[in-house]
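Notes follow the structure.
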């Protein structure tokens with residue numbers, strides 16, 4: 001996670017995104033699964049303080065209307081499983097397939113991620129932009 005690693009090349013960009021959620025030009029959209037996964041990872045890797053800070057920032061941003069957290073659903077999980085089976089060439093995780101399905105289902109055209117695996121999204125839909133554009 002870039003925002004807790006001072007040596008990470010994207011540390012300052014990640015910190016600014018997280019701490020300035022209320023000052024973004026566009027709102028942030030994420031899934032509850034992503035929030036759960038990041039929260040657990042932060043707790044396991046960096047301790048409860050970082051995990052609570054992240055969760056509090058996300059909660060406050062959602063309450064203030066700067067972040068929309070899409071809850072999981074059986075329908076989205078089924079679509080994700082099907083996508084994963086149909087697109088084995090991308091070697092995705094189920095989480096990456098779920099995020100792709102959320103983008104498609106909600107017609108989201110911008111994705112903020114340091115995950116290089118999301119490069120496939122522009123092959124699926126040339127209007128989808130992944131940023132920051134790290135070396136794919």
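The values are calculated or read from the model by the stated rules, or taken from the named source; none is laboratory data. Values in this document were obtained by computation on a predicted structure and should not be read as measured data. Methodologically, a virtual Cβ is constructed for each residue, glycine included, from the backbone with ideal geometry; neighbour enumeration extends over all protein chains shown.
From 59, 44, grab the single residue that is outside the structural domain of residue 118 (by TED's automatic domain parsing), more than 18 Å from the chain's Cα centre (by Cα) and either more than 30 Å from residue 124 (Cβ to Cβ) or part of a helix (DSSP H, G or I) (or both).
44
For region 86-120, which positions are assigned to a loop (DSSP other than H, G, I, E, B), out of contact with any strand residue (DSSP E or B) (no Cβ under 9 Å at 6 or more places or on another chain) and modelled with pLDDT of 90 or more?
Answer for region 86-120, where residues must be assigned to a loop (DSSP other than H, G, I, E, B), out of contact with any strand residue (DSSP E or B) (no Cβ under 9 Å at 6 or more places or on another chain) and modelled with pLDDT of 90 or more: 87, 91, 92, 93, 107.
In this structure, does residue 54 turn out to be in the same structural domain as residue 29 (by TED's automatic domain parsing) and under 14 Å from the mean Cα position of the chain (by Cα)?
yes
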